[in-house]
Structure formats: structure tokens, C-alpha cells
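Inspection log for the structure reproduced underneath, given as C-alpha cells.
The values are calculated or read from the model by the stated rules, or taken from the named source; none is laboratory data. Please read these numbers as outputs of a predicted model, since none were measured by experiment. Methodologically, a virtual Cβ is constructed for each residue, glycine included, from the backbone with ideal geometry; neighbour enumeration extends over all protein chains shown.
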Amino acid sequence: MNISSNAISIDHGQSREQAWDAVETYFECITTCSLDDGECITRCVEQLRESDD
């Protein structure tokens with residue numbers, strides 16, 4: 001039982017790291033967009049949503 005508990009902790013940590021990577025990628029993306037460019041910002045949001053799947 002202890003082994004499976006550790007596996008769950010590892011998976012949880014990896015999931016958290018992946019979420020932070022996705023958020024970092026999102027912020028990098030929107031910083032390249034002009035505030036007036038709604039399409040660029042929408043693309044960044046869509047990338048973030050896709051990374052959540």
C-alpha cells in the first residue's frame with residue numbers, strides 16, 4: 001500500500017508541474033500579442049485549454 005501511495009504523490013506532482021508549464025507557456029504567448037490583437041490572445045487561450053486535456 002505504501003508503494004501505491006508514493007505513485008499517487010508522484011503523479012500529483014507531475015500533474016502540478018504540467019499545469020505550471022502550461023500557464024508559463026500561456027503567459028509567454030500573450031506577452032507576444034498586441035493588446036489589440038484579439039485573435040492572438042484567443043489562440044493563446046485555446047493553447048492553454050488544449051494543454052489541460
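The residues of segment 20-38 that are touching a residue at least 12 places away in the same chain (Cβ under 8 Å) and farther than 15 Å from ASP52 by Cα, listed by number, are CYS29, ILE30.
Among the residues of this structure, ARG49 does not count as one that is at pLDDT 85 or above, assigned to a helix (DSSP H, G or I), more than 9 Å from the chain's Cα centre (by Cα) and among the basic types (Lys, Arg).
SER5 passes every criterion in (1) modelled with pLDDT under 85; (2) hydroxyl-bearing (Ser, Thr, Tyr); (3) surrounded by 10 or more Cβ atoms within 10 Å (Cβ to Cβ) apart from (3).
Assess whether GLU39 counts as being modelled with pLDDT of 90 or more, surrounded by fewer than 10 Cβ atoms within 10 Å (Cβ to Cβ) and assigned to a helix (DSSP H, G or I). Yes.
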